[in-house]
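Computed from the coordinates by the stated procedures, all read-outs in this text should not be read as laboratory data. What you are looking at is a predicted structure, and each value in this text was computed from that prediction instead of being measured. Backbone-built Cβ (ideal geometry, glycine too); neighbour counts: all protein chains shown.
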Amino acid sequence: MDMQNMGSNVESVESADTSQYVVFTLGEEEYALDIHRVVEIVTPTAITRVPKAPNYIKGVINLRGEIIPVMGLRERFNLPLIEQTEDTRIIIFKVDEASIGGIVDSVAEVISLSKEAIEGLSNFSNDLSMDFIYGVGKIEQRIITLLNIDKLVSSAKNEG
């Protein structure tokens, strides 16, 4: 670790010890995805249902000619459903070479977290839902759940 630069270059967008995350909300909770995985953030558009899909797969959208499956993250995390609002967004992210959308209540901001600000979840339970989470980010008085999007999507594929 380069101790000389620590703290002196707060303006830097990203360094070896810092990563950027897109923060979004589901209810009162804040979650984050690695910004490198996020392709774009769009307002909800017409979603075409897919027969026999699991309940959290809302369907597919046509985004500039690309057909993208959309997952309801509230359903995926077994949270109560709510009506969409003007803040509702679909975050399009890449898993392998595929684009997948996730419906979130709102997108809050982009944050930078140092490795020291991220705590793993090894102390928590073996609950299957914890499998989607690789840690929590601590920033000021907030705790933001960091999602492992690969595991979230691969577990959805395995269930479906």
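Spatial offset of the range 19-46 relative to the range 69-84 amounts to 14 Å, using the alpha carbon center of each. Using R0 = 30 Å, the C-beta based FRET efficiency linking H36 and T88 works out to 0.80. Annotation for I139 and L81: the two label points, set 7 Å from Cα along the Cα-Cβ direction, are 3.1 nm apart. Classify the range 18-159 as rounded, prolate or oblate, taking a ≥ b ≥ c as the square roots of the eigenvalues of its Cα gyration tensor: rounded when a/c is under 1.5, otherwise prolate if a/b is larger than b/c and oblate if not. The shape class here is prolate. Remark: the range 18-159 carries a charge dipole of roughly 440 debye about the Cα centre, counting +1 on each Lys and Arg Cβ and -1 on each Asp and Glu Cβ.
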